[in-house]
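Participant: Quick one: structure below, then a few questions.
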Amino acid sequence: MRAVIVRRFGGPEVLEIADLPRPEPGNGQVRIRVAATGVNRIDLSTRSGACRDRVA
C-alpha cells in the first residue's frame, strides 16, 4: 500500500511517499479499501509544527 509519511516538521517538502506492507486485520477487525482521502487544517498545522506542543 502507498502511504504519505511525515518524519519531521516543515512544509510540503517533508512529505515522503512510501510503499508499506498491506496490514492484515486481526480478530474482530476488517480491512477497507480507501478510494479517496483528505487533509484537514489540523493536519497542516501538525506537519508545519505550529501545534508541536500538542503532538506526542
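The values are calculated or read from the model by the stated rules, or taken from the named source; none is laboratory data. Note that the structure is a prediction, hence the values are computed from the model and not measured. Note that we place each Cβ from the backbone using ideal geometry, even for glycine, and neighbour counts take in every protein chain shown. Surface accessibility is based on the protein's heavy atoms, side chains included, excluding ligands, DNA and RNA. Shrake-Rupley method; radii C 1.70, N 1.55, O 1.52, S 1.80 Å.
Participant: Per DSSP H run of at least 4 residues, take -39500 (n - 2.57); add these up for the chain, divide by its residues and hand me the 222 nm value, nearest 500 deg cm²/dmol.
Facilitator: On the way: 1 runs with 8 residues, N = 56.
Using -39500 (n - 2.57) per qualifying helix, the result is -4000 deg cm²/dmol.
Participant: Kindly write out, for the range 4-14 in residue order, the coupling ³J(HN,Hα) from the Karplus curve 6.51 cos²θ - 1.76 cosθ + 1.60 (θ = phi - 60°), rounded to whole Hz, with x marking Gly and Pro.
Facilitator: Karplus-based 3J(HN,Hα) across the range 4-14 equals 9, 10, 10, 9, 8, 6, x, x, x, 5, 7 Hz.
Participant: Got a number for carbon plus sulfur as a percent of the chain's accessible area, 1.4 Å probe? Kindly include the intermediate steps, with their values, before the conclusion.
Facilitator: On the way: 2680 of 5180 Å².
Carbon and sulfur atoms account for 52 percent of the accessible area of the chain.
Participant: Taking only C-alpha pairs under 8 Å that are 6+ residues apart, what is the relative contact order of the chain in percent? Show your work: numbers first, answer last.
Facilitator: On the way: 43 pairs, mean separation 18.9, N = 56.
Relative contact order for the chain comes out at 34 percent.
Participant: Using a Förster distance of 25 Å, how high is the FRET efficiency between ARG52 and ILE32, based on the Cβ-Cβ distance and rounded to 0.05? Walk me through the numbers before you get to the answer.
Facilitator: Working: r = 31 Å, r/R0 = 1.23.
Efficiency computed from Cβ-Cβ geometry: 0.20.
Participant: Continuing with the same structure: Among [x] 26, 13, 6; [y] 19, 13, 9; [z] 26, 14, 12, which one is semi-axes √(5λ) of the Cα gyration tensor in Å computed from these coordinates?
Facilitator: Calculated semi-axes √(5λ) of the Cα gyration tensor in Å: the matching label is [z].
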